[in-house]
Amino acid sequence: MEYFFRNGEGDEVIFVHEGSGTLETNFGEVPYKDGDYVVIPRGTTYRFRADGPQRYLVFETPGLIEIPRRYRNQYGQLLEGAPYYHRDIHPPTELHTHREKGEFPVKVRVRGGYQSYLLDYHPFDVVGWDGYLYPWTFSIHDFEPITGRIHQPPPSHQTFQGRNFVICSFCPRKLDFDELAVPIPYHHSNLQSEEMIYYVSGNFGSRKGVNVGSITLHPSGLPHGPQPGLAEKSIGVRETHELAVMCDTFHPLKLTKLAKDLDDGKYWRSWYEGAQDDRVAETADDASGAGLTSHF
Ligand SMILES: [Fe+2]
């Protein structure tokens, strides 16, 4: 980045799919690597210093990004049964106070647009700070999956809560261990949420027509579940190595024109047993059986 950035109207969560580097902020430096969720509260002035190529999934919200309430006790501490704890949260490491004068461009996100400022001093002239609002990282690889004898529904994967949406992590884990368990999600209709999933790595057993970097969207009220044949294939499978990030919104998720251009136009047909689609057929052969997408 050749400029500094500040979001004046929303918190941000940046999931780092690929790449590493340092997030420079007015609170200090925040190192990040692939698999990290970088949480940046609104009002933070920052700049990404990337080491090589990067691939992110970015969330922005006018509400707050919070740790789910049910993971915390009455004092705000993380409970022992929560899928992560306070040592997994990494605040800024070092604060470097800059005194340089010169020309420093800062772009500020405001009211649906951007304003550009040119400062005559370095914006990181902070000598110290206190409090509990700061940017931090949490690695998806530190999320401890909650598994059970029978199917665990999607709230067990929840990582963050926002206003009217959640972010969940589907991580490698042991599958349902009852002798009679069909270790793949049941069919259902989500009546009050839109489901967006971003596929990070692994074989996506309960999905056909999906690859690394794919995004799927299941609008609310649409019955869905594993495609034909996958439930049978899943029997006897003990674990899954899939990694994905899900965002469920509780209000309609509107698409941009860009999203329309990205639609492959084929995914919806992947439930047809006789689908004449090379990519769908190929992926189905690769399917390892059980599914990460425990709510599908
Ligand atoms: Fe669903």
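The numbers here are math on the coordinates, done by the rules we state, and not lab data. Keep in mind that this is a model prediction, so the values were computed, not measured. Note that each Cβ is placed from the backbone with ideal geometry, even for glycine, and that neighbours are counted across all protein chains shown.
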Note to self: Straight-line reach only, C-alpha to C-alpha below 20 angstrom: list the lysines that Lys174 could link to, leaving out same-chain residues fewer than 8 apart.
What the structure shows: Lys233
Note to self: Can you compute the FRET efficiency between Lys266 and Lys107 using 1/(1 + (r/R0)^6), with r the Cβ-Cβ distance and R0 = 35 Å? Round to the nearest 0.05.
What the structure shows: 0.40
Next item on the list: Among the chymotrypsin sites (Phe, Trp or Tyr not before Pro) in segment 90-159, which ones are in a DSSP loop with at most 15 other Cβ atoms within 10 Å of the Cβ? Mind listing them?
Entry: Trp129, Tyr132
Next item on the list: Mind jotting down the three principal axis lengths of the chain based on Cα atoms? Whole angstrom, largest first.
Entry: 66, 45, 34
Item checked: Amide H contacts of Val237 (H built 1.01 Å from N, under 5 Å, at least 5 apart or other chain) -> none
Check: Check Thr45: other-chain or 5+ apart residues with amide H under 5 Å from its amide H, H built from backbone geometry?
Finding: Asn26
Note to self: Apply the Karplus curve 6.51 cos²θ - 1.76 cosθ + 1.60, θ = phi - 60°, to the phi angles in segment 255-260 and return the couplings in whole Hz, x for Gly and Pro.
What the structure shows: 9, 8, 4, 4, 4, 4
Next item on the list: Hey, can you grab everything whose amide H is under 5 Å from the amide H of Leu119? Only 5+ residues off in sequence or another chain; H modelled, so Pro and N-termini drop out.
Entry: Phe104, Val106
Next item on the list: Evaluate E = 1/(1 + (r/R0)^6) for Tyr117 and Thr147, where r is the Cβ-Cβ distance and R0 equals 51 Å; express this FRET efficiency to the nearest 0.05.
Entry: 0.55
Notebook entry, point to check: What residue among Leu78, Ser169, Ala244 has its Cα farthest toward the positive end of the dipole of the chain, where the charges are +1 on Lys, Arg and -1 on Asp, Glu, each on the Cβ?
Noted result: Leu78
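Exactly which chymotrypsin sites (Phe, Trp or Tyr not before Pro) in segment 162-248 are in a DSSP loop and have at most 16 other Cβ atoms within 10 Å?
On the way: sites: Phe165, Phe170, Phe177, Tyr186, Tyr198, Tyr199, Phe204; in loops: Phe177, Tyr186, Phe204.
Counting only loop positions with at most 16 other Cβ atoms within 10 Å, the chymotrypsin sites (Phe, Trp or Tyr not before Pro) in segment 162-248 are Phe177, Tyr186.
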Next item on the list: Tell me what the chain gives for mean residue ellipticity at 222 nm when only DSSP H runs of n ≥ 4 count, each as -39,500 (n - 2.57), the sum divided by the residue total, rounded to 500 deg cm²/dmol.
Entry: -1500 deg cm²/dmol
Note to self: Treating only the Cβ of Lys, Arg, Asp and Glu as charged (+1, +1, -1, -1), what charge dipole size does the chain show about its Cα centre? Round to the nearest 20 debye.
What the structure shows: 640
